[in-house]
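Below you'll find the structure, written out as structure tokens, and then a few comments.
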Amino acid sequence: MLAGEFYTASDPQLVNDRQRARRLVWKFNNSHPDELADRKNILKELFGKIGENIFIEPSFHCDYGYNISVGNYFFMNFGGIILDCNKVIIGDYVQIGPNVQIYSATHSTDPTSRKNFLELAFPITIGNNVWIGGGAIIGPGVTIGDNSVIGAGSIVTKNIPENVVAVGNPCRIIKEIK
């Protein structure tokens, strides 16, 4: 799975790992709004790495959790989804709007592979000081460079360099940030 090769999600170890993540996500999403320390501890247990001063608004969902690495000063608004079937590395000072979906998971275009329930996943990297607007979708294998902005509702299927504003479907660079 992490090598970007075909895998089956029905593998018993992966099923167990997803169940572990589901339990932790349920606990996080059902925590009381005043239980900020408890929420942070749940994220420490769920994620592979978390930095200082991170905040995620419930509801949040992910596949495994342990493939997610989040830097310092991270904020994710309501309705965030990270399908972390491969590594999802998020830098420092990243802000993510509501209902953003980050998908490392994908499926083959070959009908036989799909019929056999073979899946693929490719890593995602989001650099430092990135802002992703609400409702954006980040696809498998994408890298977003430092200081860039992804407009609300954008669908990002290709790498976005640093220091740009990119918007649309498909997401395109509309200006450089000086």
**OP:** Could you grab the pairs with beta carbons closer than 7 Å, sequence gap of 6+ or different chains, first residue in segment 32-48 and more than 18 Å from Cys85 (Cα to Cα), second one in a helix (DSSP H, G or I)?
**Re:** Arg39/Phe28; Ile42/Leu24; Ile42/Lys27; Ile42/Phe28
Original post:
Considering only segment 129-178, how many residues are within 15 Å of Ile102 (Cβ to Cβ), β-branched (Val, Ile, Thr) and either in a strand (DSSP E or B) or open to solvent by 60 Å² or more (accessible area, probe 1.4 Å) (or both)?
Top reply: 10
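Taking segment 106-124 on its own, how many of its residues are under 13 Å from the mean Cα position of the chain (by Cα) and either under 21 Å from Phe78 (Cα atoms) or open to solvent by 70 Å² or more (accessible area, probe 1.4 Å) (or both)? If you could, list the steps in order and put the result at the bottom.
Going through segment 106-124, the residues under 13 Å from the mean Cα position of the chain (by Cα) turn out to be 121-124.
Going one step further and asking which of them are either under 21 Å from Phe78 (Cα atoms) or open to solvent by 70 Å² or more (accessible area, probe 1.4 Å) (or both), we end up with 122, 124.
Residues in segment 106-124 being under 13 Å from the mean Cα position of the chain (by Cα) and either under 21 Å from Phe78 (Cα atoms) or open to solvent by 70 Å² or more (accessible area, probe 1.4 Å) (or both): 2 in total.
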**OP:** Could you tell me whether any residue of segment 51-71 is more than 14 Å from the chain's Cα centre (by Cα), modelled with pLDDT of 95 or more, within 29 Å of Gly153 (Cβ to Cβ) and of a type in the set (Val, Ile, Thr)?
**Re:** yes
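Can you tell me which of Glu5, Glu45 is closer than 27 Å to Val142 by Cα, outside any loop (DSSP other than H, G, I, E, B) and open to solvent by 90 Å² or more (accessible area, probe 1.4 Å)?
On the way: Glu5 fails: outside any loop (DSSP other than H, G, I, E, B).
Step by step, each of Glu5, Glu45 is checked, and only Glu45 is closer than 27 Å to Val142 by Cα, outside any loop (DSSP other than H, G, I, E, B) and open to solvent by 90 Å² or more (accessible area, probe 1.4 Å).
Suppose the filter is more than 23 Å from Gly134 (Cα to Cα), at pLDDT 95 or above and not small (Gly, Ala, Ser); does Asp38 pass it?
Values: more than 23 Å from Gly134 (Cα to Cα): yes; at pLDDT 95 or above: yes; not small (Gly, Ala, Ser): yes.
Yes: the conditions hold for Asp38.
The values are calculated or read from the model by the stated rules, or taken from the named source; none is laboratory data. Predicted model, so just to flag it, every value in this text is computed and none were measured. In this analysis, Cβ positions are derived from the backbone assuming ideal geometry, glycine residues included, and neighbour counts consider all displayed protein chains. Only protein heavy atoms, including side chains, enter the accessible area calculation; ligands, DNA and RNA are left aside. Shrake-Rupley method; radii C 1.70, N 1.55, O 1.52, S 1.80 Å.
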